[in-house]
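First the structure, in the form of structure tokens, and then the observations on it.
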Amino acid sequence: MTVALESLAPSIAHLRTIATPATDYRVLPFGVDAIDSRLGAGGLRAGALHEASARSVAMVDDAATTLFLASIAAREAAEANGPVLWASCRSDLYAPGLAQAGLPSSSVIYAQPRDDAALLAVIEDAVRDGTPSVIVAEATRVSMVATRRLQLVAAEADMPVLLLRRRRARDQDPLDEPSAAWTRWRIGAAPSERLSVAGVGRPRWSVELARQRGGASFSLIVEGSDETGRLAVPAELGHRAAETVGTARIATA
């Protein structure tokens, strides 16, 4: 019986290879084990579309979501040594806030298209042009077809496209809409650390991965981005602090 099972082992391994074709792609880790260990490849796929939406209509949740994407963009820009394209139809982006998350104005190219349709065209053109190292965009209406196109061009160019999905109505959750994004995040503000003296501690965010390809959903509390785009897990929660993000790795999935 043992001999028979051993003879089946190579066949089973071969079937698994056929069922799950290997595809090499670059990975951008967060540098936080509590996050990277729960992502299918040990980090974000670099050449992919990733979406995030605020947990509510509150301005603090909107700000947390913006800075969460800014922190990802900052790490990739530092790794690739290239600028970040930030495209939005709005004019309320706060540059000093982005700088605190690791994105100084000198590293960001701003684009303000007239509507979501023009914004999506700007993203595709910028990806194909190859000037930015990463693209962050804010949009309200994005169809499933549009997200498929963005995912394809991002994969072809090996460039992260980070999409902030904004609400069309107060009770509408953008993540309820279908999307081809590789990961989908829901971000909100959380109470900061209580200090022994009067003052405000490092910001904290509630981070929920609502969907990822090849992995399960999860949620946790993290400390907001520092000036290098790095997050951390609060020490009192029993996790080790974030380490400096090293060279991006290559994953197979």
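Any read-out appearing in this document is the output of simple, stated calculations on the displayed coordinates, not a laboratory observation. This one's a predicted model, so the numbers in the text were calculated from it and none came from an experiment. A quick note on method: Cβ atoms are made from the backbone with ideal geometry, for glycine too, and the neighbour counts reach across all protein chains shown.
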**Asked** Sorted by average packing, counted as other Cβ atoms within 10 angstrom per residue and highest first, what order do 72-81, 123-132 take?
**Response** 72-81, 123-132
**Message:** Using C-alpha positions alone, give me the convex hull volume of segment 84-209 per residue in cubic angstrom.
**Reply:** 136
**Request:** Take the alpha carbon gyration tensor of segment 153-198, find the square roots of its eigenvalues, order them as a ≥ b ≥ c, and report rounded if a/c is under 1.5; if not, report prolate when a/b exceeds b/c, else oblate.
**Result:** oblate
**Request:** Take the Cα atoms of segment 36-150, find their three principal axes, and give me the spread along each one in whole Å, biggest first.
**Result:** 35, 30, 29
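Cα convex hull of segment 111-173: mean projected area in nm², to one decimal?
Values: hull surface 17.2 nm².
If I average the Cα hull's projected area over directions, I get 4.3 nm².
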**Asked** What is segment 22-72 by shape, rounded, prolate or oblate, if you read a ≥ b ≥ c off the alpha carbon gyration tensor as root eigenvalues and call it rounded for a/c under 1.5, prolate for a/b larger than b/c, and oblate otherwise?
**Response** prolate
**Simple label model, 7 Å out from Cα along Cβ direction - ASP176 to ILE109, nm** = 3.7
**Prompt:** If the label point is 7 Å along Cα→Cβ of SER192, which residues in segment 51-93 have backbone nitrogen under 19 Å from it?
**Reply:** 58-71
